[in-house]
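Just below is one structure, and these are the notes that go with it.
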């Protein structure tokens, strides 16, 4: 198949669009910022119209720069962000509850007795991070009108008029039967959503409609969750490999093959993608605050932005005894304690900005180590290496800290926009079924490889300090 595709990554803090040519690579880019509202009590919401306008705006800018027609469109989404909307007019009926939002904790508390049943059915732990608790909360507290879905279904409807969601996104709701990749009547019943009109669950690469919002008609042929798109772009298409994306949060995914693997190490089991009716699966672990924690330090005036991590952190030799547990939106996998707040300990009169920056990098890296070790336990063998992507991989300090604490090589992707490239590959597959997955993926090579520079003993001591701080938080809440 010849001709470029338009790949759109609708993320938490903005929407990135690429026009990707199979021969020449990226020939057009566009970006529009999105600003979620962070409210007291762990509430995070955004105007859905802002999401849609960012998709249209970023896509239009990329097309204008490319100055070439495209043959297909792919759309990646945030996964667990939900809203209610009118299926006739397409107008939103509520704000969108962003994946970080914690207001549905009351729903989860009521379903505590069914937590293991839901995990066995859907692969997901009972937590307001996922879509179903938010959907139920909206129905109980905001509106009974319209439909309530993940944001992708609304965006696709606005773009094409179709009412669909892809198998990977549906797997982030806690309403999907994981083994069958179909809606689970039992899960719907438990959440009080049995009478809801839900979108059709479709493959990740197939035509679901045609949009004219960019001018000439463009078939929409690729849909996927952002993290699964990055997994695909990193060429992790079979068991054993893992990647971590450092964005607003940090997300580690490990491919497990064509059988759902329900581990007991605290990770999520979910659909990686479904192609030609056949599902592939992955284990997924989350760090809720990564770039958002860097932004928090920036707002406090400790640094001027992410580019300062290396400059300020590099001015000191170590963290000076400071330990930072940067759980500013709760502690995710493998602990699943969204009620926890972050902690910054070991401060003294000699503590400077560099020590805090280094402690932040250690806290982020230590959480990713916990996820990598959990994945290794569930897979039955430690990870050989970790492929990484996302904006924070530009920090040498963070990546070297990651390699040191992980005691494994960290391979930084040369692809700056892995999510968009992954959904672009799916869009190409969806418009030309004769292609093989390997044919549509970008060539993978590391821009840098970070090897551990400290001993396993030192890494263990540093991880031990972080784990002790987490245990202190857990004990404090339990008291």
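Just so it is clear, none of the values below were taken in a lab; they were calculated from the coordinates. In this text the structure is predicted, and so the values were computed from the model without any measurement. Quick reminder, even Gly has a Cβ in these numbers, built from the backbone with ideal geometry, and neighbours come from all protein chains shown.
Assorted remarks:
- Averaging 1/r across all pairs of distinct Cα atoms in region 261-342 and inverting the result yields a Kirkwood radius of 15.6 Å.
- Paired Rg and Dmax values of region 1-54, which use every Cα atom, in angstrom: 15.1, 50
- Working ranking of peptides 265-275, 116-126 by packing, defined as the average number of other Cβ atoms within 10 Å per residue, highest first, is 265-275, 116-126.
- Maximal additional length on extending the residue 396-residue 298 stretch stands at 33.5 nm, based on 0.36 nm per residue less the C-alpha distance.
- With eigenvalues of the C-alpha gyration tensor scaled by 5 and rooted, region 374-422, Å: 21, 16, 7
- Multiplying the residue separation of residue 86 and residue 461 by 0.36 nm and subtracting their alpha-carbon distance yields 129.6 nm.
- Estimated D of region 350-465 in µm² per second, where Rh is the Kirkwood radius over Cα pairs and Stokes-Einstein applies at 10 °C, 1.306 mPa s: 99 µm²/s
- Length available on full extension from residue 318 to residue 2: 0.36 nm per residue minus the Cα-Cα distance, which gives 108.6 nm.
- Normalised by the number of residues in region 264-418, the average gap of Cα pairs under 8 Å and 6 or more apart makes the relative contact order 22 percent.
- When region 258-406 is reduced to its Cα atoms, the Kirkwood hydrodynamic radius in Å: 16.6 Å
- Contact order for region 5-234, expressed relative to its length and based on alpha carbon pairs under 8 Å spaced 6+ residues apart, stands at 19 percent.
- With the biggest extent put first, the Cα atoms of region 192-302 measure 48, 41, 39 Å across the principal axes.
- Computed E for residue 344/residue 451 - FRET, C-beta separation, R0 41 angstrom, nearest 0.05: 0.90
- A quarter of the convex hull surface defined by the alpha-carbon atoms of region 408-479 gives 8.5 nm² as the mean projection.
- Averaging Cα coordinates gives a centre for region 45-113 and one for region 319-381; these two points are 29 Å apart.
- Gyration tensor (Cα) of region 5-234, equivalent ellipsoid semi-axes in angstrom: 30, 18, 16
- Simple spin-label estimate for residue 468 and residue 439 gives 5.8 nm between the two label positions (7 Å along the Cα-to-Cβ direction from each Cα).
- Radius of gyration over Kirkwood radius for region 185-248, both on Cα atoms: the Rg/Rh ratio is 1.10.
- Reciprocal of mean inverse Cα separation for the chain (Kirkwood radius, Å): 22.4 Å
- Normalised by the number of residues in the chain, the average gap of Cα pairs under 8 Å and 6 or more apart makes the relative contact order 14 percent.
- A helix-only calculation puts the chain at -10500 deg cm²/dmol for mean residue ellipticity at 222 nm, using -39500 (n - 2.57) for each DSSP H run of at least four residues, averaged over all residues.
- Percent of beta bridges antiparallel (DSSP, region 5-234, rounded to nearest 5): 70 percent
- From least to most packed, judged by other beta carbons within 10 angstrom and beginning with the fewest, 38, 157, 355 follow the order 38, 157, 355.
- For the chain, the longest principal axis of the C-alpha atoms and the axis of helix 48-66 are separated by about 80°.
- For region 340-410: span of alpha carbons on each principal axis (Å, largest first): 46, 28, 19
- Debye intensity ratio in log₁₀ form over the Cα atoms of region 32-154, taken at each q of 0.10, 0.17, 0.19, 0.21 Å⁻¹: -0.38, -0.90, -1.05, -1.19
- For the listed peptides 12-21, 420-429, 212-221, a ranking on the average number of other beta carbons within 10 Å per residue, highest first, reads 420-429, 12-21, 212-221.
- C-alpha long axis of helix 418-431 to longest principal axis of the chain, angle in °: 20 degrees
- Ordering of 87-96, 388-397 by packing [mean C-beta count within 10 Å, highest first]: 388-397, 87-96
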